[in-house]
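Before any comments, here is the structure.
The values are calculated or read from the model by the stated rules, or taken from the named source; none is laboratory data. Here the structure is a predicted model, which means the values were calculated and not measured. All Cβ positions, even for glycine, are placed from backbone atoms using ideal geometry, and neighbour counts span all protein chains on display. Ligands, DNA and RNA are excluded from the accessible area calculation, which covers all protein heavy atoms including side chains. Shrake-Rupley method; radii C 1.70, N 1.55, O 1.52, S 1.80 Å.
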Amino acid sequence: MDRQKKIRLDKIMLSLSGMAFFLIAVPSWVPGMCCALLGSALWFFVVGRSSLPDGKSLEIFTRPGALLAGTVLMVGLGCNFYNDWLNSRVMQRAADILRIQPGALAFSCAAVLAAAALPAVACVMHYFWTEAAEDYRVCCNRSKEKGISFPLAIAILFAVYTLGISAILRANVYYQDDAGRAVFGYKQWDYFGRFLSTALSTIVHADNYLADVAPLPQLLAMLILAFSGVMILYVLFDRTRFSLWELAAVIPLGLNPYFLECVSFRYDAPYMAVSILCGVVPLAFRERKTPDYLFCAALGMIGVCTSYQAATGVFPMLAVLLALRMINEGFSGKQVGKFLLKSASGYILGLMIFKIALMRPASAGYVSNALPKGTELISHTFDNLRAYYSLVLSDFRPLWLMLTGLLAAGFIFVSAKKSRKSRHYGACAAVVVLMAMGLMCFGLYPVLKDTSFAPRAMYGFGIFLTLVCIAIAEGAGNSAGKLVVAALSWCFLVFSFTYGNALNLQREYTDFRIQLVIQDINELDAAWGQEPISLRVSGSIGKSPLVDSMGGGGEMLDRLVPNTFDGHLDLNQFRFYYNYGLSEYVREDFEEGDNGEYPVVKDGLYHTIRADETHILVILK
């Protein structure tokens, strides 16, 4: 077979493999088929125009690294497919026609599609890995200056991040959703289109049932963040050796107060970190052919949207910061505009694919992915941005706000100093870029009709601060700016210990309050001589008195430490009901507002208990 025929055959095989990938990745039948056809056509265009296959796709199966990585991803996606389709009508009907069990049919389909999609996945992974390795080798040869090497920088950041979250790990808290997952082992990230999180969780927990494996997920998150931080330095500086000042500037990436809530989740943490990495990696390929860069950018955005959408601002922030560096280094307006246009095209392409093929309509009471009416979009977005920055002003302590202001001034000063055109031009460009990054840092969340204002949804602001710190800490000189960067990093490191200790105090307080309730209920039960059939909790224990005294100015700590025992949210009652064997008691027969219908049988400092022969109502104080 001549070379041209072999290349054509490889392209056909990769196109079919790409179709299989879309079929296994897309969660529903009709969008799945449409997206598979569209994806196959797009994939064929990519492999036809770029250097992706180059007639060597079959050699992927001799590359154990790409094959192993692809297999791991396809195992996760195969589990997603199995869970999604197991109880579907289509699978039930097909199983009836074929006269086999639906579970066996779903498993067989998942296995076949995973195997068929593996060549395309392994080919993409192998291509980008080899290209990245070649760029890294060239960059290493070019980086003659002294400094900390890329691997050592990752190790140092990982050690600092792990030290920073050590108090959180010691607290050993089931943070919000963790309580439900610890009891039932469910995933349920698909509801928000986070299929990559669901797939990766199968690998991390080595099971379809998510048992508690903490602190492994949180340590993985810190490792991913350390790699992401060094990748940001690599992308921005185009070198593989860095100074201690530059590494210190990356500390806010993982220890900023908003991301501390992310790492508090013992199940979700690594996938939130993955979302940041997916936003950074595509920019390492910005100098490749346009189809390759567009493909990588789109793939990165799909990775962000299917892991944690709060990171949708990372890629555009980095892109505009790189554009500023290009301007200051003397690139022409045409070159800068071309780079921004390609970046925006890849970004929008990835969002469109997610919107059309992968996104599921979601409305969980606190956030949805619906958009407001077109006429209200702009005003709605700016109202949300105003609300986000109002929270930043109230969350941050006065010292943090002062340091943030100094960082902004330092960023403008550094840009003006490094500009090859004029200082005035460099300063104006820096102001524009600061404003652009400030608008982008919360990603797409301000656009949503019902958005989230939880700290974990705002970690883009921490990444914004990190990028400003990195720009100031670059190279020699600027000692005053570097001291401001070090001061902010130190403040965030110290706060991470404060927060971890506050979580520990809240856990101890929660255990104390639950034990008091259990003791009083046990005495009531013994007094009656019969088992009560219904139990409900009302009210809330609030925050530990010690936590209330640890705020130190700003509301950040109060927002990060959650309510842990109350009658308003099921997640805050799981520890009470399931850790102590009370889950068998029926709670649903209570009517809303019936708190005063039962006689008081116990009234103490911490709670009141009302009960009759068949009901117990605990009113927390």
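Here is how the numbers come out for the structure above:
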read-out: Spatial separation of Cα centroids for region 478-529 and region 92-123, in angstrom; value: 46
read-out: Value at 222 nm in deg cm²/dmol, rounded to 500, when DSSP H runs of n ≥ 4 in the chain each add -39,500 (n - 2.57); value: -21500 deg cm²/dmol
read-out: Where N is the number of residues in region 104-172, Cα Rg divided by 2.2 N^0.38 Å; value: 1.88
read-out: HN-Hα J in Hz across region 390-399 - Karplus 6.51, -1.76, 1.60, θ = phi - 60°, x for Gly and Pro; value: 5, 5, 4, 5, 7, 6, 6, 6, x, 5
read-out: Fraction of accessible area attributable to carbon and sulfur, region 184-261 (%, probe 1.4 Å); value: 67
read-out: Relative contact order (%) - criterion: Cα under 8 Å, at least six apart; region: region 270-340; value: 34
read-out: 5 angstrom amide H check on Val601, placed H, neighbours 5+ away; value: Ile609, Arg610, Ala611
read-out: Rounded to 5, percent antiparallel among DSSP beta bridges of the chain; value: 65
read-out: Local electrostatic count at Ser394 - Lys and Arg +1, Asp and Glu -1, tallied over other residues with Cβ under 13 Å; value: 0
read-out: Residue-count net charge about Ser452 - beta-carbon cut-off 14 Å; Lys, Arg +1, Asp, Glu -1; value: 0
read-out: Protein-only accessible surface order, largest first, of Ile533, Ile521 at 1.4 Å; value: Ile533, Ile521
read-out: FRET E, pair Tyr425, Trp129, Förster distance 41 Å, beta-carbon r, rounded to 0.05; value: 0.55
read-out: 0 to 90° range, to nearest 10: angle between helix 64-85 axis and the chain longest Cα axis; value: 40
read-out: Acute angle (nearest 10 degrees) that the helix 89-98 long axis makes with the longest principal axis of the chain, alpha-carbon atoms; value: 80
read-out: Accessible surface of region 444-567, 1.4 Å probe, proportion on carbon and sulfur as whole %; value: 57
read-out: Area projected by the alpha carbon convex hull of the chain, averaged over all directions, nm²; value: 32.5
read-out: Neighbour cut-off at most 16 other Cβ (10 Å), DSSP loop, trypsin sites (Lys or Arg not before Pro), region 67-140; value: Arg99
read-out: Per residue accessible area in Å² of the chain, where ligands, DNA and RNA are left out and the probe is 1.4 Å; value: 44
read-out: In sequence order, calculated HN-Hα J values of region 565-581 (Karplus, 6.51, -1.76, 1.60; Hz; x Gly/Pro); value: 7, 7, x, 9, 9, 4, 4, 7, 10, 4, 4, 5, 7, 9, 6, 10, x
read-out: Arg142 - accessible surface, heavy atoms, 1.4 Å probe, Å² rounded to 10; value: 120
read-out: Interatomic Cα distance distribution for region 445-576, bins of 10 angstrom, percent; value: 10, 26, 26, 19, 11, 5, 2, 1
read-out: Translational D in µm²/s for region 279-358 (Stokes-Einstein at 37 °C, 0.692 mPa s, Kirkwood Rh from C-alpha pairs); value: 260
read-out: P(r) tail fraction, region 83-219 - alpha-carbon pairs more than 24 Å apart, %; value: 59
read-out: Heavy-atom SASA rank of Met458, Met359 (probe 1.4 Å, accessible area, largest first); value: Met359, Met458
read-out: Highest-first arrangement of 212-224, 191-203, where packing means the average Cβ count within 10 Å; value: 191-203, 212-224
read-out: Residue order for Cys428, Cys123, Cys278 - accessible surface, 1.4 angstrom probe, largest first; value: Cys428, Cys278, Cys123
read-out: Relative contact order of the chain, pairs being alpha-carbon contacts under 8 Å that are 6 or more residues apart, as %; value: 14
read-out: Size of charge dipole - region 265-383 - debye, nearest 20, with Cβ of Lys, Arg +1 and Asp, Glu -1, no other charges; value: 300
read-out: Rg/Rg_globular for region 66-147, with Rg_globular taken as 2.2 N^0.38 Å and Rg from C-alpha atoms; value: 1.73
read-out: Cut-off 14 Å between beta-carbons: net charge of the residues surrounding Leu220, Lys and Arg +1, Asp and Glu -1; value: 0
read-out: Translational diffusion of region 182-236, µm² s⁻¹ [Kirkwood Rh, Cα pairs; Stokes-Einstein; 4 °C; 1.567 mPa s]; value: 102
read-out: The chain: angle of helix 244-255 to the longest principal axis, Cα-based, in degrees nearest 10; value: 40
read-out: Highest-first arrangement of 102-108, 162-168, 374-380, where packing means the average Cβ count within 10 Å; value: 162-168, 102-108, 374-380
read-out: Dipole-positive endmost among Phe382, Gly330, Cys305 within region 274-394 (Cβ charges, Cα centre); value: Gly330
read-out: Cα point-scatterer Debye curve for region 337-482, base-10 log of I(q)/I(0) at q = 0.10, 0.12, 0.20, 0.21 Å⁻¹; value: -0.46, -0.65, -1.31, -1.36
